[in-house]
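Asks: Mind having a look at this structure? Questions to follow.
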Amino acid sequence: MAESLPVFPQFKVHAEGAVGTRWRKWVQRLENLFVGMKISDNKRRRALLLHYAGEEVYDIFDTLTDTGNDENYDQAKECLKQYFEPKVNKEYERYVFRQSQQNSDETVDQYHTRLRQLANKCEFNDNESEIKSQIIQSCTSNKLRRKALSEDMTLAKLLETARTFELAEKQASGIEKKMASGNVNKIKTKEKKYVVKQKSRPQPKRRDENPKTKCYFCGGRYPHKYECPAKGKTCSNCQKEDHFAAVCRSKPRKQTCKKIENSQTDESEDEYTFSVKGGAKQPKSKIKVNNRNFHMLIDTGSSVNIMDEAAFSKIKPKPTLNQSKTKIFAYGSSNNLKTLGFFTATIESESKISTGKFYVAKGNHGTLLGYESAVELGIIPVIRQLSSNLDKICEEYADRFQGIGKIKGVKVKIHVDESVKPTVQPHRRIPFHLRKKVETELKKLEENDIIEKVEGPTPWVSPIVVAQKPKKPDEIRMCVDMRLPNKAILRTRHITPTVDEIIHDLNGSKFFSKLDMNSGYHQLELDESSRYITTFTTHVGLRRYKRLNFGISSAAEIFQSTVSEALQGISGVKNMSDDIIVYGETEEEHDERLKAVLDRLREQSITLNKSKCTQYRFIR
């Protein structure tokens, strides 16, 4: 009698979530099934792998090479793994790991599990140590953090301590809640006796105050240890006895920030603010809002103006708060600020007057003036993009915006340490759906004289890494993994200017142009003797670079130095990698320098990317 196969779900290639992670979990579950059914024969395991995976995976497997014979289960599994799990960017995964913080509704054990899953992609030397450090830095419990910093704990000890703290906190909360419930009944009884004496002035219960903790007559804590401090005292507001003016009910109730008018609402749109928490060293300016002076933090990264409740209460007469659907997020936070509404006000600086919208935030955050209002009030300078002059100049130098140039008289020689043993790395499988795009990219690079085919043996061979562009899914980004060749490449040291040095040179200028070199690195030709170390493998054969390529450890310094030398002798020009900045104090000076730069680029056969070239005017 034939043995029936147990039911097992097929692998869905196009389901939600990272396909590599889902494939790895699916294979782990399948191998658990093999163990449970005592299936150890590799031929049978391979057959069941392809059977359970489904028709879509089977079609993919049929296109792969080096899948082994019918009895090689491990080879079949490895081929599919390479297909579904493309090369992981270690640095990016480590960045994601470092940014991971414990959520407020997440236990330390749950946070630990999530960190361990992230760490598996990071290639840390010691996962335990890295996970322990991340928990200490990013857990929500200050008590646990202090405990961990005061003692030398292992990860296991840290997790055990966290569980103890969490359990103790949960138990203590339960006890305190019960105690609070008992105290409520006790307070109510006492309060009732005391209120009887005040029948002439009944105190309605405030919705936003707790009678168990606050006295309605003096404003202090209730119940009192002795007699209420307000008993027998005369109110300075209504001249009645037994209460203070701070809690007097005779005067008109002060309108608080919690009153929201529905007469107007704003559009539902996310806004972002970057400097909610101010500091002594942060830029502040004296701003008048509806004739009331405030010292406001100037935040060029904020798209809105923000005012807290305390500041809002100082404005007289009180502006009407309108209902807001807008969500405001602080930098690096997924939680939006709690706002009470917004109002429109007249805003004045020392030199200008304007109107603007302020959002009132709950709590005590201070006041913040966003970029748009700061510009309107002349507090920060404006950089205005110009186009007319640049367009005219571009027409005159139209040949500088065509194709990928090659700098004249330059052949880059890469110095190699011959004592380092060359490495021929194995070919990395390219996902089937990307192969056509890779072939198109290779053809384009060959036509532009950037790469060439390799014939015969070569000592160095590196794999390529292929990824789809996030904003252009029909295009790919292809680069060579040069990590092993870089161990043999001797870096040529060149001085690279810092941002501070460039800003110092730009001081006093008001007109700027930014020119972007078209595929900048590829405009430097590689010396014939240096090309062999750039050889890379693809599914259509070996290729190597004829031009300088990304990934070479010394490429950035070589490129910076070469472009600087090409522009030497021209005033008012700086380059930062492939960006060339032309500047001048007047428009005439700037245009004269820009033409001189373009003439030099023409002499050197350097081309530009017109879509990324811009011209600006600095306005105070």
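Values in this text are rule-based calculations from the coordinates and carry no lab data. Quick caveat: nothing in here was measured; it's all calculated off a predicted structure. Neighbour counts run over all protein chains shown; Cβ positions are idealised from the backbone, glycine included.
Asks: Pop a pseudo-label 7 angstrom from the Cα along the beta-carbon direction at both residue 65 and residue 592 and give the gap in nm to one decimal.
Replies: 6.2 nm
Asks: Another question, then. Along the positive direction of the dipole of the stretch 552-606 (beta-carbon charges: Lys, Arg +1; Asp, Glu -1; about the Cα centre), which of 560, 583, 594 reaches farthest?
Replies: 560
Asks: Here's a follow-up. Along the charge dipole of the stretch 342-484, Cβ charges K/R +1 and D/E -1, which of 459, 347, 394 sits furthest on the positive end?
Replies: In the stretch 342-484, that residue is 459.
Asks: Per-residue HN-Hα couplings for the stretch 511-520, Karplus 6.51 cos²θ - 1.76 cosθ + 1.60 at θ = phi - 60°, whole Hz, x for Gly and Pro?
Replies: Values per residue, Gly and Pro as x: 10, 9, 10, 10, 10, 10, 5, 6, 6, x Hz.
Asks: If you don't mind, there's one more thing I want to ask. For the stretch 384-454, how big is Rg over Rh, using alpha carbon atoms and the Kirkwood form of Rh?
Replies: Details: Rg = 20.3 Å, Rh = 17.5 Å.
Here Rg/Rh amounts to 1.16.
Asks: For the pair residue 417/residue 527, report the inter-label distance in nm, with labels modelled 7 Å from Cα in the Cβ direction.
Replies: Placing both labels 7 Å along Cα→Cβ, they lie 1.9 nm apart.
Asks: Ok, one more. Per 0.36 nm of contour for each residue apart, how much would the distance between residue 39 and residue 364 grow if the chain were fully extended, relative to their Cα-Cα spacing? Walk me through the numbers on the way to the answer.
Replies: On the way: separation 325, 0.36 × 325 = 117.00 nm, distance 6.53 nm.
The residue 39-residue 364 span can extend by a further 110.5 nm.
Asks: How do 329, 97, 536 rank when sorted from fewest to most other Cβ atoms within 10 Å of their own Cβ? Don't skip to the answer; put the middle values down first.
Replies: Details: 329 16, 97 20, 536 26.
Neighbour counts put them in this order, fewest first: 329, 97, 536.
Asks: Mind checking the dipole of the stretch 1-59: about its Cα centre, +1 per Lys or Arg Cβ, -1 per Asp or Glu Cβ, Debye to the nearest 20?
Replies: Working: 10 positive and 7 negative charges, 58 e Å.
Roughly 280 debye, rounded to the nearest 20.
Asks: Sticking with this one: Go through the stretch 370-376 residue by residue and turn each phi into a ³J(HN,Hα) via Karplus (6.51, -1.76, 1.60, θ = phi - 60°); whole Hz please, and just put x for glycine and proline.
Replies: Coupling constants for the stretch 370-376: x, 4, 4, 5, 4, 5, 4 Hz.
Asks: For 8, 294, what ranking results if the residue with the fewest other Cβ atoms within 10 Å of its Cβ goes first? Display every interim value, and only then the final one.
Replies: Values: 8 14, 294 19.
Exposure proxy ranking, most exposed first: 8, 294.
Asks: Can you list the HN-Hα couplings for the stretch 351-366, worked out from phi with the Karplus curve (6.51, -1.76, 1.60; θ = phi - 60°), rounded to whole Hz and with x for Gly and Pro?
Replies: Taking θ as phi minus 60°, the curve returns 10, 9, 10, 7, 10, x, 9, 10, 9, 8, 9, 5, x, 10, 10, x Hz for the stretch 351-366.
Asks: Now for a different question. For residue 600 and residue 447, what does the FRET efficiency come to when R0 = 30 Å and r is the distance between their Cβ atoms, rounded to the nearest 0.05? Before the final figure, lay out each step's value.
Replies: On the way: r = 27 Å, r/R0 = 0.91.
Efficiency at R0 = 30 Å is approximately 0.65.
Asks: Fewest Cβ neighbours within 10 Å first, please rank 139, 248 accordingly.
Replies: Working: 139 20, 248 14.
Ranking 139, 248 by Cβ neighbours within 10 Å, fewest first, gives 248, 139.
Asks: Hey, if you put +1 on the Cβ of every Lys and Arg and -1 on every Asp and Glu Cβ in the stretch 433-530, which of 529, 484, 518 ends up farthest toward the positive end of that dipole?
Replies: Toward the positive end, the furthest listed residue is 484.
Asks: Between residue 149 and residue 576, 0.36 nm times their residue separation minus their Cα-Cα distance comes to what? Could you put the intermediate results ahead of the total?
Replies: Numbers: separation 427, 0.36 × 427 = 153.72 nm, distance 4.27 nm.
Once the chain is fully extended between residue 149 and residue 576, it gains 149.5 nm.
Asks: Using amide H atoms built 1.01 Å from N in the peptide plane, name the residues 5+ places from residue 327, or on other chains, whose amide H lies under 5 Å from its own.
Replies: Long-range HN contacts for residue 327: 269, 270, 271.
Asks: In terms of modelled amide H atoms, which long-range or inter-chain residues lie less than 5 Å from the amide H of residue 305?
Replies: 359, 370
Asks: Another question about this same structure. About its Cα centre, how strong a charge dipole does the stretch 1-124 have in debye, to the nearest 20, once Lys and Arg get +1 and Asp and Glu get -1 at the Cβ? Mind showing how you got there, number by number?
Replies: Details: 19 positive and 20 negative charges, 77 e Å.
Charge dipole, the stretch 1-124, about its Cα centre: 360 debye, nearest 20.
Asks: Let's see if you can work this out: charge +1 on each Lys and Arg Cβ, -1 on each Asp and Glu Cβ, no other charges. What is the dipole magnitude of the stretch 74-149 about its Cα centre, in debye to the nearest 20? Please report the intermediate quantities before stating the final value.
Replies: Values: 14 positive and 12 negative charges, 73 e Å.
My answer is approximately 360 debye.
Asks: Right, something else. At 7 Å along Cα-to-Cβ for each site, give me the label-to-label distance between residue 74 and residue 160 in nm.
Replies: Spacing of the two 7 Å Cα→Cβ label points: 3.7 nm.
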